[in-house]
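Colleague: I'd like to ask you about the structure that follows.
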Amino acid sequence: MEVLTVDRANLLSSASNSSSQQELATKVEQTHRLTILLKHCSEQLLAEYVRHQGEPFSSPDFQPPPMAVPGLPSPSVSPEAWLALGDGEQLRHLAMAYATLPRLLASVQQQQNELNPSASELHQQLEAAVRQCRGLAGNLEGIMGALGVSSPPPPSPSPSSLPTSAFLAKLSGYHVCRQHRDWARRSHDTLVLLSAKYPL
Amino acid sequence: MWDNPSLRCLPAIAFLYLLSLICSQETGFPGAPQNLKCVTHDLNRTICSWDAASSASHGLTYKICYVNREPSSSECIETEEKRVDVPVTTGSTNIVITTLNASGTPLASETFVLPMENVSFIPFTPQILSLSPDFSTYTLHLKWNDTGSVFQYDLDAHWQIQILHKETMETVTLVNYDSKLTSKDTILSWNWTSDMPLECTSHSVKIRCYINESFFAGRKEWSEWSPIKTVPGKDVDPGNAVVFPEDKVVPVGSNMTFCCLYNEEECIRCMKYGSRSYPVLHLSKGRSAIKVQNVNASNSSGANVWCSLLPDIIAGTVLFVGYAPDKPQNLSCETRTFIIITCRWNPGRPTRLSGHRETQYILSERTSRKNVTCSINELNEKEHHCDFPVYTDQQIYSFTLTASNPLGQAESSLFIDINQRVNLETPDKFTVSINSSTNAHLSWYIPGNLTQIRLLCQIEISNSSSEQLQNVSMAGAENSNYRATADALRPYTMYTFRVRCSASEHFWKWSEWSKEQKLMTLETSPARGPDIWRERNPVGETLRVFWKPLLRSEANGEIVSHEVSCCLQETMLQAQDVPVPLNSTEINLGGSDCVISVVAKNRGGSSPPSRISSVDLPSDNVKTELAIATGDGIYISWHSDPSVTCGYTVKWCSSGSEPCSVDWETFPSNATDAVLKSAMFQPGVRYNFSVYGCKHNGYQLLQNIVGYMKELPPRVAPRFTVEETSSDSILVKWEDIPVEDCRGFLRGYVLYFAKGEKGTSKPSFMEEGSPELLVKNITDLTKKSLRILDLQGKTSYRLDLRAYTVGGLGPSNDLYVVTKENSMGLIIAILIPVAVAVVLGVVTSILCYRKREWIKETFYPDIPNPENSKALQFQKNICEGNTALKTLEMNPCTPNSVEVVETQSTVPKIEDTEMKSPVVEYEIPEDGSDPETGSHVVVSYCPPIIEEEEISSPPVDESGESSQVIYIDIQSMYQPQVNLEEEPDVNFLTSAGYKPQMQLSVNAMKMESHSPTEDDLDETAGYRPQANTNAWKLDSPDSPISIESNNENGSFGSPCSINSRQFLIPPKDYEDSPSHNNTGWSFTNFFQNKPND
């Protein structure tokens, strides 16, 4: 993986004048609010998702082993390690994740249309999640641009191999939703720090 | 050759024959053939094999010669093998086997006789051509060749197919399969469905055959098992555990087996169906299964089956459990526009399956051979529908609706004529225009290509009071407007219109109603003139003309005013226009009568005039009669008058009282009665009706009638008073009730009376139901009083008077009256205890009189000697010596104590207040009725007493006898108090002196009813004492003082001459001594007389 280190001085120098500083702070704060919403919604989505999948998904102690979702970087780094990454690196990771998540969530919705056609609340939440992720991706791009962080390369359009069986569809959907939640938490953590650095 | 049964028997017979001959003709050579065994696989050739000593087998050859007995033939062959192929024969076969060495020298020869029975028939071992699995249906497809061409004729073949699974080759099942061999090779196929997914473990199949040739005499045996064919289970990569079957759809109630396939290094922890764990069956290493019986319908996303593996792997599958689709119910198809046909149906029981597993509906039409796939969301729709295009020139459609899902399919069919299934669209753009008082033009739009049908449209025309439907038939058109006209509408009426349509020739359904349109028709002139009446003002020359408002249906608009005119022979005298809402006007006739006409006017025009003459014809002898209340109206009748030509008019005041609100009704000339009804009539109100006759020259009052719509009970009670009361009767008087309070025609009064005290609770008489209740019904209304007789004296009565009408009894007015005392009863009540007391007193007196000596000595001795005191020394027979004493003896009377005393004019009167007591009056007769008592009591002077009765009729000769002192009972002359009071100032002086003796008749019994005239008669009749009797009374010391003492006093008398009846002893003596005054029980009196004895 390409590693880019951006120190704080660089960031500050890139945001040279105060008006752009203010603009950045506003952008950070907007994004911060969006992550708060996303964090809340992603938790709701995961709960709503498992509710419709039956046992064992709906069991409170269901903890399947982590499964790699093709195309999605795993947020499996420990929180300490995550914080140890610089702002620019965190942002790059987030940007990569949110470049992929909308497509994955859309395919989950597609699967759930087949499996749970009458679960309208779930469908609405999935649709909302797709929108929110796209929105966050845009915000992150803006912040990165303001901070002078280079954007990650666009995700290679991986052949979206839909799961062959209904059980795998449920399971992969579960992992997408769970990772969506985890990334939402991560983005929130990052944006909390950023908003502290760039107060309004 | 085996076709003929007789021929087939031949080999058998031959075998039987040879059976006895079978033996080996051994030669003793060690390499000689032994143990010949023969088998046939095809019933054509027999393969025989034998044993031979192995020591010398190398280089040996065998010459086999076989001889068939029948048909007789012989053949020899040489071979190096120890087996030979000989043809199957019908009989037995002699086989000679000769062992030859390398040089061809016979070493040994053996002869076998081979009967058919010793030949075994073992079919060729079958070969499985293919074994192919269908994993989705758990089915194994097996194919093999029956090798029927081996046999020359048809045979029954039986097959055994053995299914084995797992590596351990456990038999799952053994199936028999029968087929027919038809002398040619046939590929047989057979399917078997496993209850376990084929992926779960390996499945193997082997088969064998048995041919049942009934005419074969030898042993028939199963063939060898075919070589096993195996379908291996699915292998899995490490870490990619899977559960089978994958995404299976099964009907509710199925029994399922699920297997979990994993790597051999992994270890299964548990396996669950949904939330429930099932016991795990270990198929082999890395393969485990569970069995679930009778699965329930799953939810939309299916039931998860999953196995949890160590280390930390999860694998699973989803089972969808539901139902096959029901047959579509109530399939019906119709067209609205002739562009598409819409079919609707009820899907029946939900399949519980969704996504691509949900029911697919295909609507197919046979004539056009077109199919339509219906997109239906099974979860969201209760009634399903599907559209099919209408094809031009096709009228008949034969639909089949097929419902299918992974579990099955069902279909329904429908055959329709499109022209008979037209349900038109709701008429749109509905407009109504009105430009007259009776017509409306309607227009609406119906979409669709309706050229091939006629339309029947229904127009609903309604107003507040009525509703009518008007049908219109018209030719259909393509996406067109349709028009119609509604006529015969009422003027000036708000109408509501709406329209709906259908196909006219083959009615199927009405369309929905269009939106409503409301419009009002225009005004037109009123249909008729108003009802009119007039009344002449009693004073003056004015006439008031009344008219009634026209009904809304007659007014044809809004009446603006009424034009009233007065015409005299075509000449209009005057006219006035009276605006609404006035309904009367006054016309000054100016001394001349005229014809009044009234015209009602609205914006549409004027009504025809109503005319009435102002002339009132004089009438005499107008009678007033009563009407009959009918409850909701008033029935009146009148006498027919032949001179009435233009009807009768009945007029009344609808308000019932002043101010009069005139109302009237007219009737034809032949009517003589009517029931008048009006909302103004109120029950209990009196109405006065006047009946006028319309004659050619005017109106004449014929009759007056009073009546009620409904008679009610009087509102008030009659006021009544008690005029007179006696001991047995009451006279009651009452007053009339005012007419307005009668509320009906008064029919009479009812008087209730019964005993009752005032102040007690007084429920209504009727409610009380007292048995003593008496009722008097007074129907004579002229009577205003009533005497109630036969009452009890001194009793409180409650009287209750009510008036009544046809409507019932009015309220009551009650009174309490106490009747006067019944004197006779009182007298009797007093007399009896007084008589008893007197008798007791007399007895006591007699006793005391007889013992007076003793009493005297005891209590009042002349010389009191305590020692002699009898009181202290009571002797036993103290009274016995006086037993002979009579009650009264005049002899002992002491002359010197008698003085003739002149009556003094100034006798002091003792105003004894007690004498005035009315009670005293009633006691007088008692004395007179008991003369004996009087004579006994008198002890002082004890003159003989002349009893009252005797006095009333004294013997004439007595007066002529020598003077004799007699005692007159003072009380016998006692006058009632009334007299005493009436003559308080009697002059005793003038009345003193001699007076002729008269009979003193004082009838005490007549006291009650005595009258002054009767008293006068008594005074003037018969003897009179020679003194003023009043004076006697007054002077008499015996005047009763009290009720108690009266009896005793009555026995005291003053001695007097019989002739003169003058008192010999002046009463003054008694008066001097008050103690003497009332000494009936005084001991002093006793003892004063004592010395005279």
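Colleague: Inside region B:812-849, can you point out the residues that are open to solvent by 60 Å² or more (accessible area, probe 1.4 Å), out of contact with any helix residue (DSSP H, G or I) (no Cβ under 8 Å at 6 or more places or on another chain) and modelled with pLDDT of 80 or more?
Modeller: Result: B:Val818, B:Lys820, B:Ile828, B:Ala829, B:Ile832, B:Pro833, B:Val836, B:Val839, B:Leu840, B:Val843, B:Thr844, B:Leu847.
Colleague: I'm trying to understand the selection: among the residues of region B:373-404, which are more than 14 Å from chain A (Cβ to nearest Cβ) and open to solvent by less than 20 Å² (accessible area, probe 1.4 Å)?
Modeller: Listed by number, the residues that qualify are B:Cys374, B:His384, B:Cys386, B:Phe388, B:Tyr397, B:Ser398, B:Phe399, B:Leu401, B:Ala403.
Colleague: I need the full set of residues from region B:478-499 which are within 23 Å of B:Pro526 (Cα to Cα) and aliphatic (A, V, I, L, M), in order please.
Modeller: B:Ala486, B:Ala488, B:Leu489, B:Met494 - these are the residues of region B:478-499 that are within 23 Å of B:Pro526 (Cα to Cα) and aliphatic (A, V, I, L, M).
Colleague: Starting from region A:21-34, take each residue that is among the acidic types (Asp, Glu) and list its partners that are surrounded by 16 or more Cβ atoms within 10 Å (Cβ to Cβ) and assigned to a helix (DSSP H, G or I), counting only C-beta distances under 8 angstrom and pairs at least six apart or across chains.
Modeller: Cβ pairs passing all conditions: A:Glu23/A:Ala146; A:Glu29/A:Ser195.
Listed here are the residues, each with its yes/no results for (1) on the phi > 0 side of the Ramachandran plot; (2) small (Gly, Ala, Ser); (3) open to solvent by 40 Å² or more (accessible area, probe 1.4 Å); (4) modelled with pLDDT of 90 or more.
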{"position": "B:Ser654", "(1), (2), (3), (4)": "no, yes, no, no"}
{"position": "B:Glu658", "(1), (2), (3), (4)": "no, no, yes, no"}
{"position": "B:Ile705", "(1), (2), (3), (4)": "no, no, no, yes"}
{"position": "B:Val716", "(1), (2), (3), (4)": "no, no, yes, no"}
{"position": "B:Ile730", "(1), (2), (3), (4)": "no, no, no, no"}
{"position": "B:Phe745", "(1), (2), (3), (4)": "no, no, no, no"}
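Colleague: If you don't mind, there's one more thing I want to ask. Can you list the strands (runs of 3 or more DSSP E) lying wholly within region B:297-371 that have 3 or more residues being more than 28 Å from B:Phe507 (Cα to Cα) and either within 14 Å of another protein chain (Cβ to nearest Cβ) or of a type in the set (D, E, K, R) (or both)?
Modeller: Correct list: B:303-310, B:313-322.
Colleague: Quick one: is B:Leu281 of a type in the set (A, V, I, L, M, F, W, C), under 30 Å from B:Tyr397 (Cα atoms) and open to solvent by 20 Å² or more (accessible area, probe 1.4 Å)? Walk me through how you get there before you give the answer.
Modeller: Numbers: of a type in the set (A, V, I, L, M, F, W, C): yes; under 30 Å from B:Tyr397 (Cα atoms): no; open to solvent by 20 Å² or more (accessible area, probe 1.4 Å): yes.
No.
Colleague: A further question follows. Looking only at region B:576-586, which residues are open to solvent by 60 Å² or more (accessible area, probe 1.4 Å) and closer than 15 Å to B:Ile612 by Cβ?
Modeller: B:Asn583, B:Glu586, listed by residue number.
Colleague: Looking at (1) in contact (Cβ under 8 Å) with a residue 60 or more places away in the chain; (2) crowded, with 17+ Cβ neighbours inside 10 Å, find the lone condition where B:Leu589 falls short.
Modeller: For B:Leu589, the exception is condition (1).
Colleague: Among the residues of region B:315-351, how many are farther than 22 Å from B:Phe388 by Cα, open to solvent by 10 Å² or more (accessible area, probe 1.4 Å) and in contact (Cβ under 8 Å) with a residue 60 or more places away in the chain?
Modeller: Total meeting the criteria: 3.
Colleague: Mind counting the residues in region B:620-672 that are of a type in the set (Gly, Ala, Ser) and over 48 Å from the mean Cα position of the chain (by Cα)?
Modeller: Residues meeting the conditions: 5.
Colleague: Confirm whether B:Ser202 is open to solvent by 10 Å² or more (accessible area, probe 1.4 Å) and either over 23 Å from B:Thr139 (Cβ atoms) or within 60 Å of the chain's Cα centre (by Cα) (or both).
Modeller: Taking the combined requirement at face value, the residue does not satisfy it.
Colleague: Which one of these is farther than 18 Å from A:Phe57 by Cβ, of a type outside the set (Asp, Glu), surrounded by fewer than 19 Cβ atoms within 10 Å (Cβ to Cβ) and at pLDDT 85 or above: A:Ser150, A:Ser156, A:Ser120, A:Ser161?
Modeller: Sole residue among the options that is farther than 18 Å from A:Phe57 by Cβ, of a type outside the set (Asp, Glu), surrounded by fewer than 19 Cβ atoms within 10 Å (Cβ to Cβ) and at pLDDT 85 or above: A:Ser120.
Colleague: If you don't mind, another one. Determine if region B:78-93 includes at least one residue that is among the basic types (Lys, Arg), farther than 30 Å from B:Arg287 by Cβ and touching a strand residue (DSSP E or B) at 6+ places or on another chain (Cβ under 8 Å).
Modeller: Going through region B:78-93, the residues among the basic types (Lys, Arg) turn out to be B:82-83.
If we keep only those that are farther than 30 Å from B:Arg287 by Cβ too, we end up with B:82-83.
Applying the additional criterion that residues be touching a strand residue (DSSP E or B) at 6+ places or on another chain (Cβ under 8 Å) yields B:82-83.
Scanning region B:78-93, I find at least one residue that is among the basic types (Lys, Arg), farther than 30 Å from B:Arg287 by Cβ and touching a strand residue (DSSP E or B) at 6+ places or on another chain (Cβ under 8 Å), so the answer is yes.
Colleague: For region A:39-57, give me each residue that is open to solvent by 50 Å² or more (accessible area, probe 1.4 Å) and either within 12 Å of chain B (Cβ to nearest Cβ) or of a type in the set (D, E, K, R) (or both).
Modeller: Hits for region A:39-57 are A:Lys39, A:Glu43, A:Arg51, A:Glu55.
Colleague: I'm told B:Ala108 meets every condition in (1) touching a Phe, Trp or Tyr at 6+ places or on another chain (Cβ under 9 Å); (2) at pLDDT 90 or above except one. Can you identify the failing condition by its number?
Modeller: Result: B:Ala108 fails condition (2) only.
Colleague: Consider B:Lys370 against the criteria (1) open to solvent by 40 Å² or more (accessible area, probe 1.4 Å); (2) modelled with pLDDT under 90: it satisfies all of them except one. Which criterion is unmet?
Modeller: Every listed condition holds for B:Lys370 apart from (2).
The values are calculated or read from the model by the stated rules, or taken from the named source; none is laboratory data. Predicted model only: the values in this text are computed from it and were never measured. In this analysis, Cβ positions are derived from the backbone assuming ideal geometry, glycine residues included, and neighbour counts consider all displayed protein chains. We work out accessible area using only protein heavy atoms, side chains counted, and drop any ligands, DNA or RNA first. Shrake-Rupley method; radii C 1.70, N 1.55, O 1.52, S 1.80 Å.
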